[in-house]
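Take a look at the structure set out below.
The values are calculated or read from the model by the stated rules, or taken from the named source; none is laboratory data. Here the structure is a predicted model, which is why all the values come from computation and not from measurement. For neighbour counting, all protein chains shown are included, and Cβ atoms are generated from backbone atoms with ideal geometry for every residue, glycine included. Accessible surface areas use protein heavy atoms only, side chains included; no ligands, DNA or RNA. Shrake-Rupley method; radii C 1.70, N 1.55, O 1.52, S 1.80 Å.
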Amino acid sequence: MQKANQMHTSKRILVVGSGGREHALAWKLAKDGADVFVAPGNAGTARQATNLPINASDTNAILAAVTEHNIDLVVVGPEAPLVGGLVDALTAAGIRAFGPTAQAAQLEGSKIFCKDVLHTNDIPTATYRQFRSFEQARQFLEDREDEPVVIKADGLAAGKGVFVCGGRDEAIAAVEQLRCDPQFQTAASGILIEERLDGVEVSVIAITDGRTIVTLPPLQDHKAAHDGDQGPNTGGMGAFCPAPFVDDALLAEIEERILVPTIHGMRRRRTPFHGVLYAGLMLTAQGPKVLEYNVRFGDPECQALLVRLESSLVELLDAAVDCRLETLAPPRWNDGASVTVVMASEGYPGPVAKGQPIRGLEQVAALDDVAVFHAATTPASDSPDTVLASGGRVLAVTATGQSLARAKQRAYEGVKEIRWQGAWCRKDIADKGLRHQRELAASEASSAATGMPLPAEGTP
Ligand code: AMP
Ligand code: GLY
């Protein structure tokens, strides 16, 4: 991977964040010819961009860096600075920024706000009740039938404030866990009890300027830590794109019944939404329903998307910031598919050991169709060429291929080259998509075999 071609005409873009999503953004923006800075970045972003030692939550330092480095556009990766008002501060200072305002970011920052937007605009979602005290939530569970429910703490909880429960006892235990865990004392300023939905989960991500949406190809994330969707929830252990569960007709329905009414609803409540609208959806027997909204690219979904994007991301983000998406040609995607496999440190999603040297990055760099995005890495202080693992999700090995099967094979060929002490990954990323493709092919073959010839036109 080469540093960006630093021509005097290139756009100067600052990406805020330090994970695999931000590495993928920096990689693609640099590929499009931009001069990219990342705050704070990681050992991977340093290869395509200039890392600035600034924390993503340090608004004043980000404002100063924009002036110092003559930045044209700021792209905010993670949710916390968005919910914290970074885009508001940048916009107030006359700086172009991609992402929603703090108020609009409440769509992710508050599950109660999100449900209110969905409910007011008749957007399909699980039925729910909202409580302001643990006692009321518990009483409600004791008084109603013993049914599967989902307990959610309001507020950002880094994916940990959601409990999918088989029945009443589990649900009461979840409410008790929220009550006792100091981590949830702020997040649980409100509690939601939701109907538990069944179906296939998919992610549909759109870029919007508040009026027009550009819907990106559907994906599937893998939230559980272990193969077969077993084990604790994580930030995401892998993704594939496109998700074959969503055909063009279903994608059009998701736009019409979910994404567009959300954008209109946000404008009507005077919290217009700009940036990335990420819908986490359950495909139920009654149609697609919203599980949650995120207000930023998913991680690792972003990595799986951007390796397929052939047209310019710089132009897409610029058009969104300047409210002219309507005039932009639709983005172009490569024909095949992509698969991202996250490699994690021993112990993730719990506490992890840090500082192990990672081997094999040069070998994998030589593989065609495979890109390694760094999520939690740092250069060794005594040897800048040595990369150390510095967190839970460490690398996102991402491959493209003519088919989903080929992309999976290439991604795991990349994984095989890389090692550090305690490294692990899921072995079944994309398998649900491959199974679905096989089932579709089998059902098409059997309907072709049993299909009755249509009567000739005009026969009674
Ligand atoms: P959220 O942070 O709201 O997306 O929830 C995290 C995960 O919990 C989702 O990806 C789903 O797997 C699951 N989940 C959330 N809400 C529901 C629901 N109403 N029914 C079933 N599963 C859910
Ligand atoms: N991979 C899930 C997320 O980014 O929220």
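Quick notes on this structure:
- Gyration tensor verdict on the chain (Cα atoms; rounded if a/c is under 1.5, prolate if a/b is larger than b/c, oblate otherwise): rounded
- Helix content alone sets the calculated 222 nm mean residue ellipticity of the chain: runs of n ≥ 4 DSSP H residues at -39500 (n - 2.57) each, divided across all residues, give -9000 deg cm²/dmol.
- Pairs from the list 160/223; 111/289; 152/432; 152/354; 111/354; 289/427 with a Cα-Cα gap above 23 Å: 152/432; 152/354; 111/354; 289/427.
- Around the Cα centre of the chain, unit charges on the Cβ atoms of Lys, Arg, Asp and Glu (plus for the first two, minus for the last two) sum to a dipole of about 720 debye.
- Volume per residue of the convex hull around the Cα atoms, evaluated for segment 349-460, comes out as 147 Å³.
- Whole-number Å³ per residue for the convex hull built on Cα positions in segment 103-215: 120 Å³
- Taking label points 7 Å from Cα along the Cα-to-Cβ direction, residue 269 and residue 247 give a separation of 3.5 nm.
- Ranked by how many other beta carbons lie within 10 Å on average, peptides 378-387, 352-361, 409-418 from highest: 409-418, 352-361, 378-387
- Taking the DSSP bridge list for segment 11-60 and keeping only pairs wholly inside it, about 0 percent are antiparallel.
- Surface composition of the chain: carbon plus sulfur atoms contribute 50% of the solvent-accessible area (1.4 Å probe, protein chains only, all chains present).
- Modelled label positions at residue 170 and residue 439, each set 7 Å beyond Cα in the direction of Cβ, lie 2.1 nm from each other.
- Segment residue 226-residue 323, length gained on full extension (0.36 nm per residue, minus Cα span): 30.7 nm
- Solvent-accessible surface of segment 344-423, taken per residue with a 1.4 Å probe and all protein chains present: 47 Å².
- Accessible solvent surface per residue of segment 187-287, calculated while the other protein chains remain in place, 1.4 angstrom probe, Å²: 37 Å²
- For segment 25-84, the spread of Cα positions along the three principal axes, ordered from largest to smallest, is 30, 23, 18 Å.
- Its relative contact order, with pairs defined as Cα atoms under 8 Å and 6+ residues apart, puts segment 211-363 at 25 percent.
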